[in-house]
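The values are calculated or read from the model by the stated rules, or taken from the named source; none is laboratory data. Every value quoted in this text rests on a predicted model; they were computed, and no experiment measured them. All Cβ positions, glycine included, derive from the backbone under ideal geometry; neighbour counts span all protein chains shown. Accessible surface is based on the protein model in full, side chains and every heavy atom, while ligands, DNA and RNA are left aside. Shrake-Rupley method; radii C 1.70, N 1.55, O 1.52, S 1.80 Å.
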Amino acid sequence: MVSVATTQLDGILPLVARGKVRDIYEVNSRTLLFVATDRISAYDVIMENTIPDKGVLLTQLSEFWFKLLEKDVRNHLVPLAPGKDIFDYLPPVLGNDPKYRSQLEHRSLLVQKHKLIPLEVIVRGYITGSAWKEYRQKGTVHTIPQPAGLNESQEFPFPIFTPSTKAEQGQHDENISPQQAAQLVGAELTQRIEQLAIQLYAKCKEYAKSRGIIIADTKFEFGYDEATGEIILVDEVLTPDSSRFWNGANYKVGQSQDSYDKQFLRDWLTANDLNGKNGVSMPEDIVTRTREKYIEAFEALTGKKWSS
């Protein structure tokens, strides 16, 4: 197993940002390098230790979905020439020196810069989490009225668009209504995003169901081409970090479900009164079980056997 907590490229490429998971570097005026580290966060706090190989799993799963959706939406990946890999587009030392190559290999995406749309574009197919909590109190989800009599984890009659604000690092995203989203980015763009996101979710939900996985909800992020106005699918796609995956064989309406994500970590933090606290290290069993869940989701969805 390999673990990369933080990349250090010694100024060979300018560092643009470090997020909760990704380190982002500028390759040139049009291109960025996204590196998915093995950092993991819960309750908006990054843990002190890592989940080995997590960044590789996220990257390869995103690449799988980008490929599946390439006829439905343009994405931000830089097209690589036949027989080339990302190291052919980077300063040679990054591919030639093992110190750098080991930090980047299999966990990096070369992406085109685009103007980002400042929304977390969430599509929900099943009622769970914060949506279930709001529904029990008010009969709504993100202020949108829902049919009476829904049970926990039940599938909605139709997938629904439930956006949130895209907060700065360290801040919390805020659930908003589609009307509030329209005030932020414009009614026409909001409508286009909603239609596209639901279309993408519906396609992936049906594919995943055929692989024994239920995608309860997911978060997309979009940019747009300022020259053409085309909406571009960016960031990561349908990973356990951005989606709620359930095992179809164990699915039962009327109760919470086991998820292929950070649930072991969240439960441990909550049980030990550590949720939201800084400086926390995960015990080895939580690391191992969380990693196993990421691998299980990857193998089920892609049909590939994982080897680190």
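Things worth noting here:
- Taking only the C-alpha atoms of segment 1-160, the Rg (one decimal) and the largest Cα-Cα distance, Dmax (whole number), read 19.7, 61 Å.
- Descending Cα extents along the principal axes, segment 1-45, whole Å: 34, 24, 14
- Exposed GluC sites (Glu not before Pro) absent - longest run of the chain, DSSP non-H/G/I/E/B, at most 10 other C-beta within 10 Å: 1-167
- Between helix 129-138 and the chain: long-axis angle, C-alpha atoms, 0 to 90°, nearest 10: 30 degrees
- Protein accessible area in the chain, 1.4 Å probe - carbon and sulfur %: 48 percent
- Values of log10 I(q)/I(0) for the chain across q = 0.06 Å⁻¹ run -0.20, by the Debye formula with one identical scatterer at each alpha carbon and no solvent.
- Overall shape of segment 193-308 was characterised from the C-alpha gyration tensor. The equivalent ellipsoid obtained from it has semi-axes of 28, 19, 15 Å, in decreasing order.
- J(HN,Hα) series, segment 273-289, from Karplus relation 6.51 cos²θ - 1.76 cosθ + 1.60, nearest Hz, glycine and proline x: 6, 10, 5, x, 9, 7, x, 9, 10, 7, x, 4, 5, 5, 4, 5, 5
- Once Rg and the Kirkwood radius are both taken over the C-alpha atoms of segment 118-230, their ratio Rg/Rh works out to 0.98.
- Accessible area expressed per residue, segment 190-287, with surrounding protein chains retained (probe 1.4 Å, Å²): 45 Å²
- Dimensions (Å) - segment 114-168, Cα atoms, principal axes, largest first: 42, 20, 16
- Only Lys, Arg (+1) and Asp, Glu (-1) charged, at Cβ; the chain dipole about Cα centre in debye: 420 debye
- Segment 18-117, accessible area per residue, ligands and nucleic acids excluded (1.4 Å, Å²): 44 Å²
- Where trypsin sites (Lys or Arg not before Pro) fall in DSSP loop in segment 66-102, at most 15 other Cβ within 10 Å: 71, 84
- In degrees, nearest ten, helix 187-210 long axis to first principal axis of the chain (Cα): 90 degrees
- Residue (of 222, 190, 202) at the positive-pole extreme of segment 176-243, dipole from beta-carbon charges: 202
- Residues whose amide H falls under 5 Å from that of residue 220, counting only those 5 or more places apart or on a different chain, are 121, 122, 123, with hydrogens built in the peptide plane.
- FRET efficiency, residue 18 to residue 258 (Cβ-Cβ, R0 30 Å, nearest 0.05): 0.45
- Segment 109-130 and segment 135-211 have Cα centres lying 10 Å from one another.
- Over segment 43-128, equivalent-ellipsoid semi-axes from the Cα gyration tensor in Å: 27, 21, 13
- Each Lys or Arg adds one and each Asp or Glu subtracts one; over the other residues with Cβ under 12 Å from the Cβ of residue 151, this totals 0.
- Total formal charge among the other residues, if their Cβ is under 13 angstrom from that of residue 226, Lys/Arg +1 and Asp/Glu -1: +1
- Charge dipole of segment 185-252 (Cα centre as origin; +1 on each Lys and Arg Cβ, -1 on each Asp and Glu Cβ, all else neutral): 660 debye, rounded to the nearest 20.
- FRET efficiency, 1/(1 + (r/R0)^6) with R0 22 Å, evaluated for residue 30 and residue 93 via beta carbons: 0.55
- Taken one residue at a time, the phi angles of segment 104-113 give Karplus couplings (6.51, -1.76, 1.60, θ = phi - 60°) of 10, 5, 6, 10, 10, 10, 8, 10, 7, 6 Hz. Gly and Pro are set to x.
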